[in-house]
Ligand code: FAD
Ligand code: NAP
């Protein structure tokens, strides 16, 4: 029986002959079959089950022996960008799921998937039911280039492109046209490199990953042979990290294609760079300028695909084919840099350059969106304004993860900022700033509301059924998992 059937509306038991549920309530057993401590225990709910949600929950549960945590997730499946963002050829990164699973299975933690907060239930309703609400719903939008032509067929946001190859239900229909030879990726962060790598990886590598079957089939037929990764600033300001660059340099059947002049001033600047930036820049210099050894030369000469950075270029217009139906290329403004080091900024020179291409992926960053008008939101920074995770001017409301910091940082960064938010919350409970003395109904009242609205949550054990089916499906084709691609399929498996 699902979580939605545990009825306890505004602290009043709903008695409609479902004696089993009432009995469970008296025994203190929650919707997910977990023992509830007591009606007086502090109840916290978390919105979003990505790394931020799970790390916040983990810290809260560890820091206080009485706190109960409920995680509400829009999709029927947990883990946010660990499932839908992290590249399929980076399986080791996804091991964090094991820790998240331990948290989800903790007796004081419950998962409610398939609940779209802001739509199925409001933040105000959550605040009435819980002592504290932590917003950890990530950054589900993307920054737009704001240039003419960006809506043409053949232009995709990295968010959608990544969502497509990773099985995000809303991106299933994307079917990007990969019939062109040259693809341009705008932005030089790690997401841009993920997209470049997926576009150029030999299919034999991809077919052993959890990339979706439709993406695998489309990539197997792809005509893309050349990928340009375009940045508005220079090599010293590039946003990717060394591991991801090294993967590009070593990608089988590809060779780098750089513009030597872009590195003119880089050698002299090298000595003043902080160590990680220095090592990254050295690898770029080596790749761009050094004549490789014999073996590497041979490898590169046999490669059928190329990739390269193009620096000092900002998009100004996506160019259309004469029919105006799809893209023919991109016009780039040529920039020069003002200032030095990582903080230098791009200034237009007035010159432009047109690059022919049939595919543009805009990878200039994700963006958080407001989900409920009652929550303060800084539209300029696209974050929830906060001090150490405490939402400004909103007692009892907290935030963590990308919603708190903006869309930068790896999982470890998100972990640290989520622990910080949990610490703030615990401090507030300990000091009495957050009053937890009065009993709150927690999931019991929210489950009743959801049932009334026809929303049936997916529990963590429901998710485990989906997980099992996906792994079994993957096994038969030599993949770690074959993801279910629609919400309907996920719910069907969860509830049968
Ligand atoms: P998310 O992971 O986005 O989680 C937010 C969750 O909230 C999602 O599950 C979402 O469905 C849910 N949600 C949204 N709206 C609602 C709503 N209204 N109601 C309920 N739930 C909602 N880091 C690494 O360390 N290694 C990598 O290899 C790596 N690869 C990445 C690849 C990509 C393409 C991207 C974009 C990021 C990558 N990162 C990587 C960074 C890492 O994914 C982030 O640091 C981390 O996921 C941020 O966590 P979060 O919980 O804030 O957001
Ligand atoms: P990012 O690292 O912030 O990179 C964004 C890129 O877009 C930068 O090159 C930036 O250039 C450029 N850009 C921003 N606005 C622009 C504009 N208006 N016009 C032109 N270019 C613009 O973001 P991301 O690549 O989306 O990655 C997000 C986070 O996830 C990062 O912290 C990343 O490390 C992490 N991540 C990690 C991995 C991994 O560990 N393997 C994989 C994927 C993502 P400027 O520098 O000039 O602003």
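Restricting to region 258-269, and then to whatever is in a loop (DSSP other than H, G, I, E, B) and surrounded by fewer than 18 Cβ atoms within 10 Å (Cβ to Cβ), can you tell me which residue is modelled with the highest pLDDT?
Only one residue tops the list, namely 259.
Would you check if residue 409 is within 16 Å of ligand 2 (Cβ to nearest atom) and modelled with pLDDT of 95 or more?
When the stated conditions are applied, residue 409 passes them.
With region 323-402 as the region, which strands (runs of 3 or more DSSP E) entirely inside it contain at least 3 residues that are closer than 22 Å to residue 160 by Cα and either away from ligand 2 (no atom under 13 Å from the Cβ) or outside the structural domain of residue 157 (by the TED database) (or both)?
In region 323-402, the matching strands (runs of 3 or more DSSP E) lie at 327-338.
For residue 361, all conditions in the list (1) away from ligand 1 (no atom under 16 Å from the Cβ); (2) within 30 Å of residue 154 (Cβ to Cβ) hold save one; what is the number of the exception?
Condition not satisfied by residue 361: (1).
How many of the residues in region 170-187 are in contact with a strand residue (DSSP E or B) (Cβ under 9 Å, 6 or more places away or on another chain) and within 14 Å of ligand 1 (Cβ to nearest atom)?
The qualifying residues number 2.
Considering only residues that are part of a helix (DSSP H, G or I) and surrounded by fewer than 22 Cβ atoms within 10 Å (Cβ to Cβ), which ones fall in region 152-163?
160, 163, listed by residue number.
Does residue 246 count as farther than 29 Å from residue 484 by Cα and away from ligand 1 (no atom under 16 Å from the Cβ)?
no
Identify the residue in region 77-90 that is over 12 Å from the mean Cα position of the chain (by Cα) and surrounded by fewer than 24 Cβ atoms within 10 Å (Cβ to Cβ) and, among all such residues, is farthest from ligand 1 (Cβ to nearest atom).
Here the residue is 89.
For every residue, the table says whether it meets (1) within 26 Å of residue 100 (Cα to Cα); (2) within 13 Å of ligand 1 (Cβ to nearest atom); (3) in a helix (DSSP H, G or I); (4) out of contact with any strand residue (DSSP E or B) (no Cβ under 8 Å at 6 or more places or on another chain).
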position	(1), (2), (3), (4)
407	yes, yes, no, no
428	yes, no, yes, no
433	no, no, no, yes
439	no, no, no, yes
444	yes, no, yes, no
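Scan region 41-62 residue by residue and report those that are away from ligand 1 (no atom under 12 Å from the Cβ) and either at pLDDT below 95 or in a helix (DSSP H, G or I) (or both).
Matches in region 41-62: 41, 58, 59, 60, 61, 62.
So which residues in region 449-461 are out of contact with any strand residue (DSSP E or B) (no Cβ under 7 Å at 6 or more places or on another chain) and in contact (Cβ under 8 Å) with a residue 40 or more places away in the chain?
Listed by number, the residues that qualify are 451, 453, 455, 456, 461.
When you scan region 414-423, do you find a residue that is within 28 Å of residue 41 (Cα to Cα), without any contact (Cβ under 8 Å) to a residue 40 or more places away in the chain and within 16 Å of ligand 1 (Cβ to nearest atom), even just one?
Checking region 414-423: at least one residue is within 28 Å of residue 41 (Cα to Cα), without any contact (Cβ under 8 Å) to a residue 40 or more places away in the chain and within 16 Å of ligand 1 (Cβ to nearest atom).
Within region 319-326, does at least one residue satisfy the condition of being crowded, with 19+ Cβ neighbours inside 10 Å and at negative phi?
No, there is no match, as no residue in region 319-326 is crowded, with 19+ Cβ neighbours inside 10 Å and at negative phi.
The values are calculated or read from the model by the stated rules, or taken from the named source; none is laboratory data. Predicted model, so just to flag it, every value in this text is computed and none were measured. Here Cβ is always computed from backbone atoms with ideal geometry, including for glycine, and neighbour counts include all displayed protein chains.
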